[in-house]
Amino acid sequence: MSLASTNPELSENTVAPETLTDGFHLLIDALKLNGVETIYNVPGIPITDLGRYAQREGIRVLSFRHEQHAGYAASAAGFLTKKPGVCMTVSAPGFLNGLTALANATTNCWPMILISGSSEREVVDLMQGDYEEMDQLAIAKPLCKAAYRILHAEDIGIGVARAIRAAVTGRPGGVYLDIPGSLLGQTMDAIEGKNSLVKVIDPAPKQLPAPDAVARAIDVLKSAKKPLIIMGKGASYVQADDVVRELIEKSGIPYLPMSMAKGLLPDTHPQSASAARSLVLKETDVVLMLGARLNWLLSHGKGKQWGAPHSKKFIQIDIEPKEMDSNVEIAAPLVGDVESCAQALIDAMGADWEKPSADWTGAIRAKVDGNIQKMASRLQNNSVPMNYHSALGVIKKVFEDHPDTILVNEGANTLDFARSIVDMHKPRKRLDVGTWGVMGVGMGSAVAAAVETGCPVIAVEGDSAFGFCGMEIETICRYDLPICVVIFNNNGIYRGDDENLSGGDDPATTAFVKDSRYEKMMEAFGGVGIYATSPDDLKRGILTALKTGKPTLINAIIDEAAGKESGNIGSLNPQSIVAQTRAAEAEGN
Ligand code: ADP
Ligand code: MG
């Protein structure tokens, strides 16, 4: 931009404003120079004008109702675009609200930058009680990949460059950038200011695996009788879809996609072992991990789910060297980026690569076909009230017919059932609760998905999960985004029929108001509200939403007794002495 000339707000007592620029404009110019096109924002002191000016300078600035959701949107944008998603907040409380999302982005290995205004350093450091006083930099540090503070206008260029590189290079993650309010008003010579900006060259350089590590991986892979590939969201993130597909298809190895790797190859691909997950985890002898971690989501690579102890060898492709051996021994670590490592394996497999035996792939196929068939009739049940299967049967079909639509998904049972029932047909079409299993990411993810991709979005939300972010439907209506929120309303958390153990009048701790009319919330902001009691209602509602592109909320009534405690992860709940005794008795019987 033409710096000071478009900046009437430069303080009036400066001598020659046309030759000056200020912190506001340097920050905006630095972001623009590095390709930032969108900021997910909540205005307030001291960043209100920063948002205004950014909008004037051509950045799309989307204002949210709460910083956590602006932050979740920024992190989802980072995942979808491979560029850091930027969230902007006010000081102390706004910063803390945004920090949850920044920590979540870091946990998910997604690039994001949280820019928060902060109060005067001199006052904060002497703890003299400033407006929204907080040592934000110190608090952010342990919760993100890197944290920086810029004190002088001439350092804005380098500060922004550091933040961008830190967010995307190596293992991506969240970066905090602390902007004391006084920085924004600092002025400096416009030409010097322009020269102080830094464009980040090659922010995430290729990282090639070492040739001996590739040879070792191939040796281990060749020794396998029952090989398996597990792809994670790291493999989705890299946007090397063709190379990943070539590795899978050339190797002939069955694969399991983790939740957000679904669709990297279509879930209906003949090598997908999703519907035979228990079988393959138990039986496999060599596992190739592709941008996925052996964390709690995979029982840490050991335990009952994985069959006989020490019966597996792991090959792991990851850009983060420290990820190796985090949970079990990695027989063949391949440190590098997914694309380079996958390409190196493809090249090393050569022309005479032997695909896995038909014994192994045939047994998996038989299990997959059997399980899919068993499921089919449950998905077509038309009775009222709906259960998870009948409602998701409708949604599965919608995604078959509209594969470009993005699915946002959160909840307990709503998440678990949707993940296994609804096939994804294209890469990066599924956004969910991620590595933490965090609730409340839905509306932020939906906004980012619509804004960053232009594709329609269907957000399948448990009624509880929706409650954490529901106010953002105003944001959805304000920007008129093609988002259809489907609430699986079963009157509560896990189930709606729980009872107060004291016998008292208060509802159970997990119960909500029965028959809540969530669709009216959407109507309040000018969107379309639909009350759906049957699979037909649901189908009609979604198809209309897709056709019109109007913000829509479908209140889908689900049998309140259909869910189970904590969905598929009930075993993570600590057991009280009463429950332990009951379990022991049950086992004895
Ligand atoms: P999931 O939850 O789907 O299993 P995770 O988030 O646990 O996936 O794992 C993703 C992994 O991908 C992380 O260990 C991260 O370091 C890795 N990763 C991210 N980007 C790249 C990349 N460009 N190349 C290789 N690995 C990557
Ligand atoms: Mg519920």
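Quick notes on this one:
- Percent of beta bridges antiparallel (DSSP, the range 3-196, rounded to nearest 5): 10
- Hits among lysines - C-alpha to C-alpha of K374 under 18 Å, sequence gap 8 or more where chains match: K396, K397
- Inter-centroid distance (Cα atoms) of the range 233-255 relative to the range 19-49, Å: 38
- Residue-span extension gain [D515 to D49] - 0.36 nm each, minus C-alpha spacing: 163.5 nm
- Rounded to the nearest Hz, the phi-derived 3J(HN,Hα) couplings of the range 465-471 under the Karplus curve 6.51 cos²θ - 1.76 cosθ + 1.60 (θ = phi - 60°) are 4, 4, x, 6, 9, x, 5, where x marks glycine and proline.
- Label-point gap, in nm, between H310 and D480 - each point 7 angstrom along Cα→Cβ: 6.6
- Between D242 and L501, the simple label model (points 7 Å from Cα in the Cβ direction) yields a spacing of 5.9 nm.
- As a calculated quantity, the FRET efficiency between E329 and S63 at R0 = 45 Å, using C-beta atoms, amounts to about 0.40.
- The number of Lys pairs in the range 482-565 with C-alpha atoms less than 18 Å apart, excluding pairs fewer than 8 positions apart on the same chain, is 4.
- Averaging the sequence gap over all C-alpha pairs within less than 8 Å and six or more residues apart, then dividing by the number of residues, gives the range 3-196 a relative contact order of 24 percent.
- Computed from phi, the 3J(HN,Hα) profile of the range 530-538 under the Karplus parametrisation 6.51, -1.76, 1.60 (θ = phi - 60°) reads 9, 9, 10, 9, 10, x, 5, 4, 5 Hz, with x in place of Gly and Pro.
- If R0 is 51 Å, the Cβ-Cβ spacing of R216 and T453 corresponds to a FRET efficiency of close to 0.85.
- Dipole magnitude of the chain, debye to nearest 20 (Cβ charges: Lys/Arg +1, Asp/Glu -1, about Cα centre): 2000
- DSSP-loop GluC sites (Glu not before Pro) across the range 343-443, with at most 15 other Cβ within 10 angstrom: E354
- Bridge orientation summary for the range 380-572: considering DSSP beta bridges with both residues in this region, about 5 percent are antiparallel.
- Residues in the range 518-539 reached by a label modelled at H402 [backbone nitrogen below 12 Å; 7 Å Cα→Cβ]: 539
- Relative contact order (%) - the range 529-583, alpha-carbon pairs under 8 angstrom, separation at least six: 35
- Cα gyration tensor shape of the chain, rounded if a/c is under 1.5, else prolate or oblate by comparing a/b with b/c: oblate
- Residues whose amide H falls under 5 Å from that of V86, counting only those 5 or more places apart or on a different chain, are Y40, I113, with hydrogens built in the peptide plane.
- Along the chain, the exposed loop sites are chymotrypsin sites (Phe, Trp or Tyr not before Pro) outside DSSP states H, G, I, E and B with at most 16 other Cβ atoms within 10 Å, and the longest stretch free of them is 132-352.
- Karplus-derived 3J(HN,Hα), 6.51/-1.76/1.60, for each residue of the range 32-49, Hz, glycine and proline x: 5, 4, 9, x, 6, 10, 9, 10, 9, 10, 10, x, x, 5, x, 10, 4, 5
- The range 164-203 residues near the modelled E120 label - backbone nitrogen below 16 Å, point 7 Å along Cα→Cβ: 180-186
- Using a Förster distance of 30 Å, the FRET efficiency for E37-H152 (Cβ separation, nearest 0.05): 0.65
- The chain, relative contact order [Cα under 8 Å, separation at least 6], %: 11
- Summary: within the chain, the longest segment free of trypsin sites (Lys or Arg not before Pro) located in DSSP loops with at most 14 other C-beta atoms within 10 Å is 226-513.
- Extension gain for the segment R378 to N568, taken as residue separation times 0.36 nm less the Cα-Cα distance, is 66.6 nm to one decimal.
- Database remark: amide H of M289 closer than 5 angstrom to the amide H of I230, I315, Q316, I317 (H placed geometrically; neighbours at sequence offset of 5 or more, or on other chains; Pro and chain starts carry no H).
- Length released on extending from R582 to N195, taking residue separation times 0.36 nm less the Cα-Cα span: 132.2 nm
- Zone residues, the range 194-233, relative to E249, backbone N less than 20 Å from point 7 Å out along Cα-to-Cβ: 228-232
A short reminder: the numbers here are calculations on the coordinates, not readings from a lab. A quick note: this is a predicted structure, and the numbers were derived from the prediction, not measured. Cβ coordinates were reconstructed from backbone atoms using ideal geometry, including for glycine residues, and neighbour counts include every protein chain displayed.
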